[in-house]
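*Asks:* A single structure is presented below for examination.
Each reported figure results from applying straightforward, stated rules to the coordinates on display, with no laboratory input. This structure is a prediction, so every number in the text was calculated from the model and none was measured. Every residue, glycine among them, receives a Cβ derived from its backbone with ideal geometry; neighbour counts consider all protein chains shown.
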Amino acid sequence: MESELFKFIEKYFILTEEEKAALSKSNPFRSYKKGDVLLKEGALSGESYFIAKGCIRCYFVIDGEEKTTEFYTDGEVFNPLCALTKQVSSHYIDCVEDSILSVGNADGGGDFLKDFPRFETLCRLISENLLAQNQLSFANFKTSSPEQRYVHLMETRPDLLQRVPQHQIASYLGIKPESLSRIRKRIIKKTK
């Protein structure tokens, strides 16, 4: 699993053997089962995650209903907002499927960054990429219909449609499961 983390980082720069050893020591991999909750509303967390294998979901519970805001899958990083703000979480994070995650310190690891300062640049670049992705995702959500959002999901993240329960996909798209069923039927008719 470490090779997945190294491969992700090496999209930005080539790691030295010393850096690989330090990363292995400071970012342990943990296995989680489908349904495990990584963070609950009202809790504090200082952890960040690299998803080596699996799928995690972020969601809010509003009036007893889950509202999914994002999915993170193989080879992606996730840093909960509460880990950055040092305030209690307003959302939940759970595992949609069995997952293997590298769990690090969201504040950058303190001593690790002192010993390996170029990782500060890496953290900044990753943060900038995540911010750009989130802005694009938000803009697409605000400017498209539910059917357009579903088609976009089919085109950009087709794996989610196989990995994630349909009610969570519907929640992610901002619709009810019944509406998702109607949209899927319309799309099937159009392709015939």
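*Asks:* Which of the chymotrypsin sites (Phe, Trp or Tyr not before Pro) found in region 46-147 are in a DSSP loop and have at most 13 neighbouring Cβ atoms, other than their own, within 10 Å? Could you put the intermediate results ahead of the total?
*Replies:* Working: sites: Y49, F50, Y59, F60, F71, Y72, F78, Y92, F112, F119, F138, F141; in loops: none.
Counting only loop positions with at most 13 other Cβ atoms within 10 Å, none of the chymotrypsin sites (Phe, Trp or Tyr not before Pro) in region 46-147 qualifies.
*Asks:* Could you give the length gained by full extension between I188 and F60, i.e. 0.36 nm per residue of separation minus their alpha carbon distance, to one decimal place? If you can, show how the numbers build up before the last one.
*Replies:* Details: separation 128, 0.36 × 128 = 46.08 nm, distance 3.10 nm.
Gain on extension, I188 to F60, equals 43.0 nm.
*Asks:* Quick one: of K40/K86; K67/K176; K33/K67; K40/K67; K67/K190; K25/K114, which pairs are farther than 18 Å apart, Cα to Cα? Mind showing how you got there, number by number?
*Replies:* Details: K40/K86 14 Å; K67/K176 10 Å; K33/K67 21 Å; K40/K67 14 Å; K67/K190 29 Å; K25/K114 15 Å.
Check vs 18 Å cut-off fails for K33/K67; K67/K190.
*Asks:* What percent does the relative contact order of the chain come to when contacts are Cα pairs within less than 8 Å and at least six residues apart?
*Replies:* Working: 267 pairs, mean separation 43.1, N = 192.
It rounds to 22 percent for the chain.
*Asks:* Calculate the all-directions average of the projected area of the chain's alpha-carbon convex hull, and give it in nm².
*Replies:* 11.9
*Asks:* Using all C-alpha to C-alpha distances in region 95-192, build P(r) with 10 Å bins and read off the rounded percent in each one.
*Replies:* Histogram of Cα-Cα distances, whole percents per bin: 12, 32, 27, 18, 8, 2.
*Asks:* Starting from one equal scatterer on each C-alpha and no solvent at all, send me the Debye-based log10 I(q)/I(0) for region 74-129 at q = 0.21, 0.28 Å⁻¹, two decimals.
*Replies:* -1.00, -1.28
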